[in-house]
Amino acid sequence: MTRSLCLLSLAAAAFAATPAHAQSYPTKPIRMLVGFPAGGPSDVPARLIAAKMQTALGQPVVVENKTGAAGMIALKDMLSQPRDGHTLLLCSYIDAINPLIYKKVDYKLDEVVPVSMVQKAYYAIAVANALPVNNLKEFIAHAKANAGKLNYGRVGTGSVTETVARQFEKAAGISMTGVTFRGTGPALQEMTAGRLDFMVGPLAVTMPLYEGKKVKVLAMTSLERLAIARDVPTMKEQGINIVSTGWWGVCAASGTPRPILEAVNKQVAAAVNSQDFKTPIENTGVIAGSSSVDEAAKIWKDTAAEATTLFKEIGFEKVD
């Protein structure tokens, strides 16, 4: 065999071998882990994607809610499993910044591989109906007149629910007491009961309460007004220069073969770009959208870098 033919044969063999992992994937049921409670902004997309993947792949795709430790229980479960794509995580920006928040985090960012983005969302600034305010200016005046008496809900230390609240405190010259909850749902329940004053809430769970007149929504963290609530101004419109967004995606453990990552990416993209996914998701004000594996990796790294800068600005220190 000539050298040229030999090289061609080797190249052909390598090409044939490369997608072998993907061609045999999946070989067993897939677990889709969610680190937060059922019904929340991580759980809903996970279940819609799982249903689509199960139909397409012919294997069960089971969603498991493993809550606690700001999503880290679910993440560590994924990292403890074989790196074969059969255990996935509905991850979010929280997973990318936890190592910046907690002193005792036993995983590194490079142990996680984002496979695809799923959705992004802006947030609503909500307050309890009992408060005598209808815009941010009135809320700031009320907070100053009741210094030390108001509280705000946060879902995980260092999450958007906390960082935006703390940015707002600094910009407005007010002070509130943070109260930690295991999920957005429980926090908003406390607000509807009148025991929580202020909350930076995901639109998916906050806007139904607003529409039902169970809470007031004073502002959005978006750059422009959102179609879901044209009557609600942005924070910037009201003189508070804060724009904030969160994202959700599907992640795998590092070491998972690239062909399997691409196979999962293809399935997630098909699910996310389907009307079965987009219609229920976007009706809540969330923006659905997939990405390539490399694009997802960039967002993961950028999130950590931006959070590092933000935490310095608000004087955030790591917690135990």
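The values are calculated or read from the model by the stated rules, or taken from the named source; none is laboratory data. Since the structure is predicted, the reported quantities are computational estimates derived from the model, not experimental observations. When we count neighbours, we look across all protein chains shown, and the Cβ atoms used for this are built from the backbone with ideal geometry, even at glycine. Surface areas here come from the heavy atoms of the whole protein model, side chains and all, with no ligands, DNA or RNA. Shrake-Rupley method; radii C 1.70, N 1.55, O 1.52, S 1.80 Å.
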Might you report the magnitude of the Cβ-based charge dipole of the range 108-236 about its Cα centre, with Lys and Arg at +1 and Asp and Glu at -1, to the nearest 20 debye? 240 debye
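Taking 0.36 nm per residue of separation and subtracting the Cα-Cα distance, what length does fully extending ALA38 through ARG258 add? Working shown, then result.
On the way: separation 220, 0.36 × 220 = 79.20 nm, distance 3.05 nm.
Extra length from ALA38 to ARG258 when fully extended: 76.2 nm.
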Modelled FRET efficiency - R0 45 Å, ASN241 with THR55, Cβ distances, 0.05 increments: 0.50
Nitroxide proxy distance, nm - points 7 Å out along Cα→Cβ at LYS108 and THR308: 1.4 nm
So if I take the centroid of the Cα atoms in the range 37-62 and the same for the range 73-133, what is the distance between those two points in Å? 17 Å
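Roughly how many percent of the accessible protein surface of the range 49-199 is carbon and sulfur, given a 1.4 Å probe and a whole-percent answer? All intermediate terms of the calculation are to be shown ahead of the outcome.
On the way: 2950 of 5930 Å².
Carbon and sulfur: 50 percent of the exposed surface of the range 49-199.
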Quick check: convex hull of the Cα atoms in the chain, volume per residue, rounded to a whole Å³? 147 Å³
Would you mind getting me the FRET efficiency between GLN23 and ILE287? Use the beta-carbon distance for r and R0 = 30 Å, nearest 0.05. 0.35
The lysines whose Cα lies under 28 Å from the Cα of LYS214, excluding any fewer than 8 residues away in the same chain, are LYS120, LYS137, LYS144, LYS149, LYS170, LYS236, LYS278
Net lengthening on full extension, LYS266/GLN189 (0.36 nm per residue, minus Cα-Cα): 24.0 nm
Amide H of MET220 versus every other amide H placed in the peptide plane: which residues, excluding those fewer than 5 positions away on the same chain, fall under 5 Å? ILE125, THR234, MET235
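For the chain, with only Lys/Arg (+1) and Asp/Glu (-1) charged at the beta-carbon, what is the dipole magnitude about the Cα centre, in debye rounded to 20?
Values: 33 positive and 27 negative charges, 36 e Å.
With only Lys, Arg, Asp and Glu charged at Cβ, the dipole is about 180 debye.
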Give me the percent of accessible area attributable to carbon and sulfur for the range 222-320, probe 1.4 angstrom. 50 percent
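Which value at 222 nm does the chain reach when only helices count, each DSSP H run of 4 or more adding -39,500 (n - 2.57), with the total divided by all residues and rounded to the nearest 500 deg cm²/dmol? Before the final figure, lay out each step's value.
Working: 12 runs with 138 residues, N = 320.
Result for the chain, helices only: -13000 deg cm²/dmol.
Taking only protein heavy atoms into account and a 1.4 Å probe, give the accessible area per residue of the range 198-304 in Å². Don't skip to the answer; put the middle values down first.
On the way: 4540 Å² over 107 residues.
I get 42 Å² per residue for this part.
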In debye, nearest 20, what is the charge dipole magnitude of the range 77-118 about its Cα centre with +1 on Lys and Arg Cβ and -1 on Asp and Glu Cβ, if you could check? 160 debye
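Using a probe radius of 1.4 Å on heavy atoms only, what accessible surface per residue do you get for the range 64-164? Whole Å² is fine. Mind dumping the intermediate values first?
Values: 3640 Å² over 101 residues.
Ligands and nucleic acids excluded, the result is 36 Å² per residue.
Do any trypsin sites (Lys or Arg not before Pro) in the range 71-146 lie in a DSSP loop with no more than 10 other beta carbon atoms within 10 Å, and if so, which? Please report the intermediate quantities before stating the final value.
Details: sites: LYS76, ARG83, LYS103, LYS104, LYS108, LYS120, LYS137, LYS144; in loops: ARG83, LYS103, LYS104, LYS108.
Answer by residue number: LYS103, LYS104, LYS108.
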Taking 1 over the mean of 1/r across every pair of different Cα atoms in the range 129-196, what Kirkwood radius in Å do you get? 12.4 Å
